[in-house]
1. If you go through region 127-164, how many residues are open to solvent by less than 30 Å² (accessible area, probe 1.4 Å) and either basic (Lys, Arg) or free of Cβ contacts under 8 Å to residues at least 12 places away in the same chain (or both)?
2. Is at least one residue of region 225-239 within 16 Å of ligand 2 (Cβ to nearest atom), open to solvent by less than 20 Å² (accessible area, probe 1.4 Å) and in the same structural domain as SER310 (by TED's automatic domain parsing)?
3. If the requirement is being β-branched (Val, Ile, Thr) and assigned to a helix (DSSP H, G or I), which of these qualifies: ILE63, ILE25, ILE44?
4. Looking only at strands (runs of 3 or more DSSP E) that lie completely in region 112-193, which have at least 3 residues being closer than 27 Å to GLY214 by Cα?
5. Collect the residues in region 281-329 that are aliphatic (A, V, I, L, M), part of a helix (DSSP H, G or I) and either without any contact (Cβ under 8 Å) to a residue 12 or more places away in the chain or open to solvent by less than 60 Å² (accessible area, probe 1.4 Å) (or both), keeping them in residue-number order.
6. Give me the residue from region 236-265 that is polar (S, T, N, Q) and in contact with an Asp or Glu (Cβ under 8 Å, 6 or more places away or on another chain) and, out of that set, farthest from GLY327 (Cα to Cα).
7. List pairs: first residue in region 253-268 and open to solvent by 100 Å² or more (accessible area, probe 1.4 Å), second residue away from ligand 1 (no atom under 15 Å from the Cβ) anywhere in the structure, Cβ distance under 8 angstrom, at least six positions apart or on different chains.
8. Please find, within region 304-331, the residue that is farthest from MET274 (Cα to Cα) out of those that are within 16 Å of ligand 2 (Cβ to nearest atom) and among the small types (Gly, Ala, Ser).
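The values are calculated or read from the model by the stated rules, or taken from the named source; none is laboratory data. Only a predicted model underlies this, so the values are computations on that prediction, with no experimental measurement involved. Neighbour counts are summed over all protein chains in view; Cβ atoms, including those assigned to glycine, are modelled from backbone coordinates with ideal geometry. For accessibility, only protein heavy atoms count, side chains too; no ligands or nucleic acids. Shrake-Rupley method; radii C 1.70, N 1.55, O 1.52, S 1.80 Å.
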Amino acid sequence: MYKILTINPGSTSTKVALFEDNNMIASENLEHKAEQLKKYDDLIDQTEFRKKAVINFINKNGIEINDLHAIAARGGILPPLKSGTYRVNNEMVHYLKYDAEVEHASNLAAIIGFEMAKNNIPVFITDPVSVDEFIDEARISGNANLERYSHLHALNMKMVARRAADEIGKNYYDSNFIIVHLGGGISIGAQKKGRIIDVNNANDEGPFSPERSGELPMGDVAKIAFSGKYTYKELKKRYVGNGGLVAYLGTNDLRKAFEKSKKDERAKLVIEAMAYQISKEIGAMATVLKGEIDAIVITGGLANSERFVSMIKERISKLGLIMVYPGSYEMEALCQGALRVLNNFEKPLTWNKEVK
Ligand SMILES: Nc1ncnc2c1ncn2[C@@H]1O[C@H](COP(=O)(O)OP(=O)(O)OP(=O)(O)O)[C@@H](O)[C@H]1O
Ligand SMILES: CCCC(=O)O
């Protein structure tokens, strides 16, 4: 039996869990108060503080680091790379600490795990945010200087795709899915025989989400960018973090948005528009798969709302079988990624800066 610790840092908390093989024996969302975090100028400076919280969690559950067989950490924003489970090494930790181009809380996970493990046990990451399995035509943006790139909720998306394949009795690598992750951010991908060959970049493209603007009219964004009203950081925050439902309705919580819509026609319209944009992106991915779709797999926090899912179903039901996995299975996905390697079902991938 393998004992595995999973670590998944978010902007204001670090999710942790302990597993014995596939069984989660303890889990906690370690919340970090704003006044604790504001002491640190840069995200990377939070490493020690979060690491202590993670060690405290395992100790509280009667476990020492040396009792673990592996640590499974959320993969950060590395340069584009193929999906799978990677063994964390010095080079990856160095990149995440000093060279990462995009600041994202998940960048801390491998660093924390590696420092805890001190080379005594393996540390793995699985299906990081920057998994890139695009076909060539998906990279072309329409502007010769700009390439489209793949930033998505790969970990949860691939996990639910594996479940869906099991449920329909098909091999994961023989199945085609449209995978729809509906969280604070939204990723809608076309997965062909195990590879996500196209997806809206969850920060910049596709439908608006509870916190993000999604794709916007480009000319108007350029005007706003040069209006002198905003710094680059402020502008980014307007579109990623304070966009979408937050911008229209002042909340990122769909439940509150529905509550508001009881008396507010505008709120009703905005929710309907989010379902409309999501459905439109699903339609686009159906064309990427040339209509050969085993199932449309819907997941993420918004999928907890039957009402919202039925607004989408109404528009997409003619496209094929719809399967719904509400919530997010990131901790299970991290554990299973590590187990596939520990049980020799998969070889761990080796990371260096040039790996693709
Ligand atoms: N029971 C529910 N009914 C309606 N909406 C819900 C329900 N549970 C969660 N949500 C909504 O799901 C959204 C959050 O989803 P989720 O928890 O997957 O996001 P996250 O983990 O913060 O972000 P991301 O998935 O982008 O990493 C919020 O808008 C929240 O209001
Ligand atoms: C960019 C996709 C992943 C995330 O939003 O956390």
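1. 1
2. There is no residue in region 225-239 that is within 16 Å of ligand 2 (Cβ to nearest atom), open to solvent by less than 20 Å² (accessible area, probe 1.4 Å) and in the same structural domain as SER310 (by TED's automatic domain parsing).
3. After applying the criteria, what remains is ILE44.
4. 140-143, 176-182, 186-192
5. ILE282, ALA284, MET285, ALA286, VAL288, LEU302, ALA303, VAL309, MET311, ILE312, ILE316
6. ASN242
7. Between residues of region 253-268 that are open to solvent by 100 Å² or more (accessible area, probe 1.4 Å) and residues that are away from ligand 1 (no atom under 15 Å from the Cβ), there is no close pair.
8. SER328
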